[in-house]
Amino acid sequence: MPAKQQKRTRIVYIIMAQQEITKKSEWPLWEVFIRSKAGLDHKHAGSLHAADAQMAIENARDVYTRRMEGVSIWVVESKNIHASDPSEANSLYDPANDKIYRHPTFYNLPDEVKYM
Amino acid sequence: MTVHSFQEHFDSLIDREISIEPKDWMPDDYRKTLIRQISQHAHSEIVGMLPEGNWITRAPSLRRKAVLLAKVQDEAGHGLYLYSAAETLGISRDEMYDQLHSGKAKYSSIFNYPTLTWADMGAIGWLVDGAAIMNQVPLCRASYGPYARAMVRVCKEESFHQRQGFEIMLTLAKGTEIQKKMAQDAFNRWWWPSLMMFGPPDAESPNTAQSVRWRIKRLTNDELRQKFVDVTVEQAKVLGLDMPDKDLKWNEERGHYDFGAIDWEEFKNVVKGNGPCNKQRLETRKQAWEEGKWVRDAAMAHAEKRNARKKEAAKAA
C-alpha cells in the first residue's frame, strides 16, 4: 500500500474508533408510558435518553408531563421491548376475522328479552 | 415479497391514509427525506431557544419571565419529541447532533436574526410561532406515525406560544408612544423573515410533489404562506399596527390578500450561513454541548457503577 493511502486508512480507522466511543457515550434510549389519570392504563408517550431508570423517570416528567398529563410513569429501556413483525400481520391477526361468533352481536335474541 | 410488491403495499397504505410505522417497509428516499425533515425541525426547536433565552433575565415582570421560561422549556421538549421520532427511522441522536454542529444539517433560518428589544419576544411568539403552527397543523396527519404523533403534541402546546406573543404585542401597542413604536419596529423586522419560513416559492421547490404524494407535506409552501398572510392582516388590525408591506392589497377575485415581493436573495444568503447571527447561534449551541460533556459522562459512569454494585450485591446474596 502506498504511504499516502496507508495514512488515509489509518485516519479512517481512528475516525471509526472515535465514532465508536461517541456512540458508547450516548445515554441509552428509554420508552415512556404514562397513566393520564387514576384508573386508566399506562399508554406509550414517546422515548428519551437517560443514563439510568431514575433519570429516565425524572426526564419523562419534564418532557412528557409539563401540563398535568400524568399521575404515573413507567420507563422501559428500548432494547428490552420486543415487537411483532409487521410482515407477519396476516398470519397473526387474520384467523380472528372469521370468528365473528366471539362477538355478542352474532346472536339473535327475541325482542322480549330486554336486558342481556 | 419482492421489492416491487413491498412498494405496492407501501403505496396502498399511503393511498388509504393508513400510517406507516417504524417497522414497516418503506422506500429509502421516504426514510431519508423524513430523517432530513424531522431532524431539521428538531434542530429548529433547539436553536430556537437561543434568541429567546437571551431575554429570560430581562423580562419586564415576573409573570412575563415565568411565561417565557415555560415557552423555552416547551421548545426543548418539542426538540426532544422530534429527535425521538427521527430516531425510530434508524439515525442516532449523536449523529443528528453532529450534523447540526458541523453545519451539515440546517435549521429554520429565522433564528439567525437578532432579538433587539423586548417587543421581539412578542413578534416571535405572534409571527414566528404563528407561521410554525400554520405549517405544523397539517403535519398532524402526516403519513409517518411517530412524526404525526409528535406533531399533535407540539401543536397542542404551541398555541399558547402564539397567544402569549400576541398578548405582549397588544400590551405594547396599547401602551405609550415609545412602546407602540417598539412593537411596530419588531413587526417590521420579523414580518418578511416570517414569510420566508414557509420556504421557496412552489415553482422553485421541486420536491414538493413527491412530499405531498407521501403525505409528509400536506399543503404547498405558497398555499401555507397565503393562509398566514390572510390571518395575520386581520390580527394586525386588532393590534392597530401597520402592515410592513406597501403592496399589500385585498384581491376580491382571488379572495386573498396580494402581497409584495419577498427578497429571496436575502433568504438564500441566510440559509448559506451569512445571516446576522448564524455564527453566534451555532457557536452557542456547540459550546453548550461541549461544556455539558462532563455531566453526560459523569452520569453514565455513575449509572454504570451503581449497576455493577447491584450485581455484586445480588451475587453475594
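Nothing in this text is a laboratory measurement; each read-out follows from the coordinates by a stated rule. All of these numbers come straight from a predicted model, not from anything done at the bench. Quick reminder, even Gly has a Cβ in these numbers, built from the backbone with ideal geometry, and neighbours come from all protein chains shown.
Of the trypsin sites (Lys or Arg not before Pro) in segment A:42-107, the ones in a loop by DSSP (not H, G, I, E or B) with at most 11 other beta carbons within 10 Å are A:Arg67, A:Lys99.
Note on chain B: with charges restricted to the Cβ of Lys and Arg (+1) and Asp and Glu (-1), its dipole about the Cα centre is near 1420 debye. Across chain B, the relative contact order, built from alpha-carbon pairs under 8 Å that are at least six residues apart, equals 18 percent. Taking each residue as 0.36 nm, the span from B:Ala66 to B:Thr117 lengthens on full extension beyond its C-alpha to C-alpha distance by 16.5 nm. Could you tell me whether chain B comes out rounded, prolate or oblate from its Cα gyration tensor? Rule is a ≥ b ≥ c as square roots of the eigenvalues, rounded for a/c under 1.5, then prolate if a/b exceeds b/c, otherwise oblate. Since a/c reaches 1.5 but b/c is at least a/b, the shape of chain B is classed as oblate. Between B:His9 and B:Trp264, the contour length at 0.36 nm per residue exceeds the alpha carbon distance by 87.8 nm. In terms of its alpha-carbon gyration tensor, segment B:46-93 comes out prolate; a/c meets the 1.5 threshold, and the first ratio a/b outweighs b/c. Taking a Cβ cut-off of under 15 Å around B:Trp264, the surrounding Lys, Arg, Asp and Glu residues balance to a net charge of -3, with basic ones at +1 and acidic ones at -1. Between B:Ile20 and B:Tyr144, B:Gly145, the built amide H atoms are under 5 Å apart, and every one of these is 5 or more places off in sequence or on another chain. For segment B:228-317, the list of trypsin sites (Lys or Arg not before Pro) that fall in a loop by DSSP and count at most 16 other C-beta atoms within 10 angstrom reads B:Lys246, B:Arg254. Approximating the spin labels as points 7 Å out from Cα along Cα→Cβ, the B:Lys156-to-B:Ala203 distance works out to 4.2 nm.
Do the alpha carbons of any pairs in B:Lys65/B:Lys180; B:Lys71/B:Lys174; B:Lys104/B:Lys246; B:Lys181/B:Lys246 sit beyond 26 Å of each other, and which pairs? Pairs exceeding the cut-off: B:Lys104/B:Lys246.
Of the trypsin sites (Lys or Arg not before Pro) in segment B:145-191, the ones in a loop by DSSP (not H, G, I, E or B) with at most 14 other beta carbons within 10 Å are B:Lys174.
Near A:Asn59, once Lys and Arg are set to +1 and Asp and Glu to -1 for all other residues with Cβ below 14 Å from its Cβ, the sum equals -1.
Straight-line cross-link partners of B:Lys315 among the lysines, defined as a Cα under 25 Å from its Cα and at least 8 positions apart when in the same chain: A:Lys79, B:Lys305.
Here segment A:57-83 is scanned for amide nitrogen atoms under 18 Å from the site 7 Å beyond the Cα of B:Val295 along Cα-to-Cβ, giving A:57-64. Ignoring the sites themselves, chain B has its longest run without GluC sites (Glu not before Pro) in a DSSP loop having at most 10 other Cβ atoms within 10 Å at B:18-251. Taking a ≥ b ≥ c as the square roots of the Cα gyration tensor eigenvalues, segment B:235-301 comes out prolate, since a/c reaches at least 1.5 and a/b is larger than b/c.
Compute the FRET efficiency between B:Gln235 and A:Thr105 as 1/(1 + (r/R0)^6), taking r as their Cβ-Cβ distance and R0 = 51 Å, and round to the nearest 0.05. My answer for the efficiency is 0.50. Over 24 Å between Cα atoms: which of B:Lys32/B:Lys106; B:Lys23/B:Lys310; B:Lys156/B:Lys272; B:Lys156/B:Lys268 fall into that group? Where the Cα-Cα span goes over 24 Å, the pairs concerned are B:Lys23/B:Lys310; B:Lys156/B:Lys272; B:Lys156/B:Lys268. Summing Lys and Arg as +1 and Asp and Glu as -1 over all other residues whose Cβ lies under 12 Å from the Cβ of B:Ala186 gives a net charge of +1. With both labels modelled 7 Å from their Cα along Cα-to-Cβ, the A:Tyr93 to A:Met68 distance reads 3.5 nm.
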